Amino acid sequence: AGKLLYSRPHVTLLVHISIYTGVAAAYYFILILSSTMASEDVKDSPAMVVFDTEAANSLVKELRSTVIAGKTKSYEWRVSQLKSLLKMVEDRDKQICDALFSDLSKPEMEAFIHEIAMIKASCKLALKKLKDWMKPEKVKTTLGTFPSSAEIVPEPLGVILIISAWNYPFLLSVDPVIGAIAAGNAVVLKPSEVAPAMSSLLAKLFGEYLDNSAIKVVEGAVPETSALLEQKWDKIFYTGNGRVGRVIMAAAAKHLTPVVLELGGKSPVLVDSDIDLTVTARRIVSGKWGCNNGQACVAPDYIITTKNYAPVLIDSIKHQLVKFFGEDALNSLDLSRVVNSNHFARLTKLLDDDRVSEKIIHGGQTDINNLKIAPTIVLDAPEDSLIMNEEIFGPLLPIVTVDKIEDGIHFINSRPNPLAAYLFTNKKQLKEEFVSNVSAGGVLINDISLHLMVDTLPFGGVGDSGIGAYHGKFSFDAFSHKKGVLHRSFYGDASARYPPYTPGKLRLLKALLDGSILGIIRALFGWS
């Protein structure tokens, strides 16, 4: 059916990335090896083919031929694929929810609101706006090119590689694919092997619903990803962590391939005392634990508040946690589980430090058999502890106290740029200071994570939290080249631009390039 489905070898291969060696490459290998070990082994079978460099090269050649033939460029093809994608989501929403539950025990409400509904909205927006997005943008010209007209023409980049993440494995796989299709590109999607049920489902559904001469899915882990990264792409879009992001960027540099890196970081929440306490606590709890149990790139990583206000805020958060998830949160059906045993071990290690464990003021219970960790609050963990320096990506929430709320801004700015920064306050001056002085991928005042739903806002990082942005038209732009075009007729051909050069011609050209009407008149009449 044109679908690509390849096996994972029993022996994990460390594939050499020729342009990038050393620590980052080792990190990449260890990270994906651990993910692969956590996945179910696939036995070798004569009917299955290993996806190696040669297969990756053939795949890219096939897709490039499709692009060169012009198939993906037409408005009609783009619309047909977007409609098919929307139909796929509407037809198979139950299977999508089942896969999300299999991989993450994600509640159906979360699966629908945070993944399925957002993809449907993204598809519908692209279908509604595509004609406008594709139109050339008329721009002004200069006096020096008169008479002329100019426009910016968006054109497809070509063949795109999208490497997605496991935490929102449907949303983060399909949303960039929508942008790539809308912009008229051919696409290879490499889903995360850490979410095997969704990876398998995406391969199946893309094979059934989409044009497989232009849109492919490659499943696998280290060997498959490495084989893909050795190829020349027209853009690579990666969602994940900074360590692998460095490897992706280095592999792309070999071919001068541009990248979008959607990474993460430690997203802070600054909480002032001038707030609606109940609403604030509810929104923090929902944004942290109600979004994949903290396994989200924009989840609150730590809270900053004043020493005086901390007790009040903590009591309110505890109250909302019990209200949402009950006294025994480990058995709540409304909390996702930790994705696998490796991430479970990583998270519990953050609490193993005695200096941290003694600071736990709520939660801390674990269930290794079901990969569950109760919502956990840690008060004033040491600044040099792992929990305060590594992105948590789980149900642990440190609270940092400061003497005055403005100190919180200095604390945030002393650390790498986060993907998101949150502020709860009613003070206009504090809002302005926060927006002006905190550098983050995005800022949200008085709520958590909702900025992702606004398609007129770009979503992406800055500094360590990423490169590039997408969502809405920003997705179309991310996968388009803005080609500048200048149109001239054969009229108005001024002899002054051609040799032999004279002082009079120089005066005229200077006046033209300076845009001085008076200077042009003086030069034409020979006035000095």
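Each row is one residue, and each column tells you yes or no for (1) open to solvent by 30 Å² or more (accessible area, probe 1.4 Å); (2) among the aliphatic types (A, V, I, L, M); (3) closer than 22 Å to Ser286 by Cβ; (4) assigned by the TED database to the domain that holds His114.
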position	(1), (2), (3), (4)
Ile314	no, yes, yes, no
Ala329	no, yes, yes, no
Asn340	no, no, no, no
Leu350	no, yes, no, no
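Would you be able to say whether some residue in the stretch 358-367 is under 24 Å from Asp328 (Cα atoms), in contact (Cβ under 8 Å) with a residue 60 or more places away in the chain, in a loop (DSSP other than H, G, I, E, B) and open to solvent by less than 60 Å² (accessible area, probe 1.4 Å)? Looking for residues that are under 24 Å from Asp328 (Cα atoms), in contact (Cβ under 8 Å) with a residue 60 or more places away in the chain, in a loop (DSSP other than H, G, I, E, B) and open to solvent by less than 60 Å² (accessible area, probe 1.4 Å), one finds none in the stretch 358-367, hence no.
One residue is enough: does the stretch 411-422 have a residue meeting the conditions without any contact (Cβ under 8 Å) to a residue 40 or more places away in the chain, more than 19 Å from His343 (Cα to Cα), among the charged types (D, E, K, R) and open to solvent by 30 Å² or more (accessible area, probe 1.4 Å)?
So the first thing to find is which residues in the stretch 411-422 are without any contact (Cβ under 8 Å) to a residue 40 or more places away in the chain, and the list is 413-414.
Filter again for more than 19 Å from His343 (Cα to Cα), leaving 413-414.
Adding the requirement that they be among the charged types (D, E, K, R) leaves none.
Within the stretch 411-422, not a single residue is without any contact (Cβ under 8 Å) to a residue 40 or more places away in the chain, more than 19 Å from His343 (Cα to Cα), among the charged types (D, E, K, R) and open to solvent by 30 Å² or more (accessible area, probe 1.4 Å).
Yes/no per residue for (1) under 24 Å from Val279 (Cα atoms); (2) small (Gly, Ala, Ser):
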{"position": "Lys318", "(1), (2)": "yes, no"}
{"position": "Ser341", "(1), (2)": "no, yes"}
{"position": "Leu347", "(1), (2)": "no, no"}
{"position": "Gly363", "(1), (2)": "yes, yes"}
{"position": "Asn369", "(1), (2)": "no, no"}
{"position": "Pro375", "(1), (2)": "yes, no"}
{"position": "Met388", "(1), (2)": "no, no"}
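Taking the condition open to solvent by less than 10 Å² (accessible area, probe 1.4 Å) and out of contact with any helix residue (DSSP H, G or I) (no Cβ under 7 Å at 6 or more places or on another chain), does Val177 pass? Yes: the conditions hold for Val177. List every residue pair whose Cβ atoms sit under 6 Å apart, with the two residues 6 or more apart in sequence or on different chains, where the first one lies in the stretch 150-164 and is open to solvent by less than 10 Å² (accessible area, probe 1.4 Å) and the second, anywhere, is among the small types (Gly, Ala, Ser) and part of a strand (DSSP E or B). Pairs that qualify, where the first residue is open to solvent by less than 10 Å² (accessible area, probe 1.4 Å) and the partner is among the small types (Gly, Ala, Ser) and part of a strand (DSSP E or B), are Val159/Ala186. Only one residue in Ala251, Ala227, Ala203, Ala214 is touching a Lys or Arg at 6+ places or on another chain (Cβ under 8 Å), open to solvent by less than 10 Å² (accessible area, probe 1.4 Å) and either modelled with pLDDT under 95 or more than 16 Å from Pro176 (Cβ to Cβ) (or both), so which one is that? Just a single option satisfies the conditions, and that option is Ala203.
Here Leu256 meets the list (1) under 26 Å from Ser449 (Cβ atoms); (2) free of Cβ contacts under 8 Å to residues at least 24 places away in the same chain almost entirely, failing just condition (1).
Looking at Phe424, Phe434, which one is touching a Ser or Thr at 6+ places or on another chain (Cβ under 9 Å), under 28 Å from Tyr168 (Cα atoms) and of a type in the set (A, V, I, L, M, F, W, C)?
Numbers: Phe434 fails: under 28 Å from Tyr168 (Cα atoms).
The conditions single out Phe424.
Here Thr401 passes the criteria (1) touching a strand residue (DSSP E or B) at 6+ places or on another chain (Cβ under 6 Å); (2) in contact (Cβ under 8 Å) with a residue 40 or more places away in the chain; (3) open to solvent by 10 Å² or more (accessible area, probe 1.4 Å) except the one numbered (1). Would a scan of the stretch 287-307 turn up a residue that is open to solvent by 10 Å² or more (accessible area, probe 1.4 Å), over 19 Å from Leu104 (Cα atoms) and more than 21 Å from the chain's Cα centre (by Cα)? Yes: the stretch 287-307 contains one or more residues that are open to solvent by 10 Å² or more (accessible area, probe 1.4 Å), over 19 Å from Leu104 (Cα atoms) and more than 21 Å from the chain's Cα centre (by Cα).
Counted as qualifying within the stretch 71-134 are the helices (runs of 4 or more DSSP H) with 3 or more residues that are in contact (Cβ under 8 Å) with a residue 12 or more places away in the chain and farther than 12 Å from Tyr168 by Cα, namely 75-91, 93-104, 117-134.
Go through the stretch 453-527 and tell me which helices (runs of 4 or more DSSP H), entirely inside it, have 2 or more residues that are among the β-branched types (Val, Ile, Thr), closer than 17 Å to Thr141 by Cβ and modelled with pLDDT under 95. Steps first, answer last, please.
On the way: elements: 473-478, 503-514, 517-524.
Filter on the stretch 453-527 gives 517-524.
For Lys404, the stated conditions do not hold, so it cannot be described as modelled with pLDDT of 95 or more and either part of a helix (DSSP H, G or I) or under 23 Å from Leu321 (Cβ atoms) (or both). Screening Ala183, Ala165 for residues that are under 14 Å from the mean Cα position of the chain (by Cα) and either of a type in the set (Ser, Thr, Tyr) or under 22 Å from Ala121 (Cβ atoms) (or both) leaves exactly one candidate, Ala165.
The residues of the stretch 254-265 that are open to solvent by less than 30 Å² (accessible area, probe 1.4 Å) and in a loop (DSSP other than H, G, I, E, B), listed by number, are Thr257, Leu263, Gly264, Gly265.
Taken over the stretch 66-114, residues that are within 18 Å of Leu205 (Cα to Cα) and open to solvent by 40 Å² or more (accessible area, probe 1.4 Å) amount to 13. Mind checking whether some residue in the stretch 416-432 is touching a Pro at 6+ places or on another chain (Cβ under 7 Å), of a type in the set (Asp, Glu) and assigned to a helix (DSSP H, G or I)? Looking for residues that are touching a Pro at 6+ places or on another chain (Cβ under 7 Å), of a type in the set (Asp, Glu) and assigned to a helix (DSSP H, G or I), one finds none in the stretch 416-432, hence no.
The values are calculated or read from the model by the stated rules, or taken from the named source; none is laboratory data. Quantities reported herein were computed from a predicted structural model and do not represent experimental measurements. Cβ sites come from the backbone with ideal geometry, for glycine too, and all protein chains shown count toward neighbours. The accessibility values were calculated without ligands, DNA or RNA, using every heavy atom of the protein model including side chains. Shrake-Rupley method; radii C 1.70, N 1.55, O 1.52, S 1.80 Å.
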